[in-house]
Amino acid sequence: MQLRAFFLETWAIIRVMNYCRLSNALKLIYSYLQSYLKQHVGLHGKPMAFSIEPTSSCNLKCPECPTGANLLKRPRGLMDIRHYRQLLQQLSPELFYLNLYVQGEPFMHPQFPEMVSLASQHNLYISTSTNGHFMSPEIANALVRGGLSRIIFSVDGTSQESYGLYRVGGNFNKVRQSIIDVVRAKARARSAYPIIVMQFLVFRHNERELPQIKKLARRLKVDKLEIKTAQLNDFGSMRPPLNARFSRYADSLGQQLKTKSNNRCWRQWHSATVTWDGRLAPCCYDKDAEYAFGNSHDNSLQEIWQGDKSILFKQQIFRDRSQITICRNCPEGKKLF
Ligand code: SF4
């Protein structure tokens with residue numbers, strides 16, 4: 001299962017590559033390495049990956065998510081489709097990897113399938129992540145036809161009881177049916193895409209269900225099962241698993257990261273995030289876009305990304321990233337890339 005998914009993902013990336021995108025990626029790698037060695041920020045090229053937020057609203061109340069816990073300070077809303085088209089125009093010559101989600105449930109945007117098709121017209125690898133409550137056979141067909149490359153379904157339990165402990169307000173059977181809808185749509189279209197990923201966040205309450213989730217993944221014929229460590233926040237109530245392999249924290253309360261936070265972040269060279277209202281944020285850890293470098297309604301993404309705020313932010317990471325609140329709970333930087 002996992003090996004096939006690996007080849008499908010690799011092929012999906014290769015087929016959207018061209019000379020311009022490849023040379024841009026090489027420029028980014030070079031400028032990141034040079035900046036790291038000199039400890040002085042130099043940015044050449046444009047981000048090769050972007051996350052765009054279709055909406056900041058969500059139907060569930062997951063306790064470790066600021067949207068679900070109703071703690072998001074920025075307003076809720078939907079990305080304007082005309083602005084989305086402009087962003088794609090700006091980004092697509094160099095971009096090859098597009099994530100259509102940040103905060104919120106992307107399928108709550110009524111034009112979500114259209115957003116996928118528009119991105120597909122620019123020949124991009126397109127990924128999204130969903131709680132699976134807004135799927136239907138028609139939407140599944142539209143996603144397959146529209147050229148979605150990967151869809152991640154959050155399934156953190158194998159029964160309504162355990163699933164609902166984290167996905168508060170969620171319906172386990174509905175999510176299972178949504179996965180079946182996409183599997184069937186792919187079979188009807190004889191398409192290998194979108195790659196279906198079932199994602200299982202491991203907490204204390206569900207760590208015993210790992211054998212069952214593997215069985216469920218096989219039964220539902222998903223392409224890949226991703227067992228992920230959960231990010232815990234000071235406002236949440238969840239506990240990390242006792243099995244240290246599935247926890248990113250060194251302590252049993254989830255307060256101390258296992259990895260040493262090195263003063264570097266490759267993500268700051270290769271990608272960025274745009275919220276539904278156009279703010280260019282450094283990454284998805286900046287839930288409230290409080291470190292936003294600017295707004296794409298006022299300036300081009302490239303102007304903002306190369307601007308003073310962005311450069312100073314990156315320089316601060318080299319100096320001491322523990323001074324940046326959002327970076328304290330982030331495992332990025334463990335490796336150079
Ligand atoms: S939180 Fe900081 S270190 Fe982590 S990805 Fe974002 S900018 Fe990089």
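No value in this document is a laboratory result; all are computed from the given coordinates. Because the structure is predicted, anything quoted here is derived from the model rather than measured. For neighbour counting, all protein chains shown are included, and Cβ atoms are generated from backbone atoms with ideal geometry for every residue, glycine included.
Quick check on the exposure proxy: order ARG15, ARG267 from fewest to most C-beta atoms within 10 angstrom.
Fewest to most other Cβ atoms nearby, the residues stand as ARG15, ARG267.
What helices does the chain hold that run 24 Å or longer along their axis, going by alpha-carbon atoms, with a Kyte-Doolittle average of -1.0 or more, using DSSP H for the helix calls?
Sorted by number, the helices that extend far enough and score high enough are 19-38, 172-189.
Can you work out ³J(HN,Hα) from phi for every residue in segment 275-282, in order, using Karplus 6.51 cos²θ - 1.76 cosθ + 1.60 and θ = phi - 60°, giving whole Hz and x for Gly and Pro?
Karplus-based 3J(HN,Hα) across segment 275-282 equals 7, 4, 9, x, 6, 8, 9, x Hz.
With a cap of 16 neighbouring Cβ atoms within 10 Å, and only residues DSSP puts in a loop, list the chymotrypsin sites (Phe, Trp or Tyr not before Pro) found in segment 178-235.
The qualifying sites are PHE235.
Could you give the spread of the C-alpha atoms of the chain along their three principal axes, from largest to smallest, in whole angstroms?
Cα spread of the chain along its principal axes, largest to smallest: 51, 46, 39 Å.
Among residues other than CYS58 whose Cβ falls under 11 Å from its Cβ, what is the net charge (Lys/Arg +1, Asp/Glu -1)?
For residues surrounding CYS58, the net value is +2.
Skipping prolines and chain starts, which residues have an amide H placed within reach, meaning under 5 Å, of the one on SER51, given they are 5 or more residues away or on another chain?
ASN99, ALA272, THR273, VAL274
Only bridges with both residues in the chain count here: give the DSSP antiparallel percent, nearest 5.
Just about 20 percent of them are antiparallel.
Once you wrap a convex hull around the alpha carbon atoms of segment 127-281, what is its projected area averaged over all directions, in nm²?
So the Cα hull casts an average projection of 11.1 nm².
If contacts are Cα pairs under 8 angstrom and at least 6 residues apart, what is the relative contact order of the chain in percent?
Once divided by the residue count of the chain, the mean separation gives 19 percent.
Give a residue-ordered list of calculated ³J(HN,Hα) values for segment 151-161 (Karplus: 6.51 cos²θ - 1.76 cosθ + 1.60, θ = phi - 60°; whole Hz; x for Gly, Pro).
Per residue, the Karplus-derived 3J(HN,Hα) values read 10, 9, 9, 7, 9, 9, x, 10, 8, 4, 4 Hz.
Whole angstrom only: what separates the Cα centroid of segment 126-159 from the Cα centroid of segment 33-52?
32
Is the shape of segment 229-337 rounded, prolate or oblate, going by the alpha carbon gyration tensor and its root eigenvalues a ≥ b ≥ c, with a/c under 1.5 for rounded and a/b larger than b/c for prolate?
In terms of gyration-tensor shape, prolate.
Specify whether the C-alpha gyration tensor of segment 31-111 places it in the rounded, prolate or oblate class, a ≥ b ≥ c being the square roots of the eigenvalues: rounded for a/c under 1.5, otherwise prolate if a/b is larger than b/c and oblate if not.
Oblate shape, in that a/c is at least 1.5 and b/c is the bigger or equal ratio.
Cβ neighbours within 10 Å, averaged per peptide: list 219-230, 175-186, 96-107 in order, most packed at the top.
96-107, 175-186, 219-230
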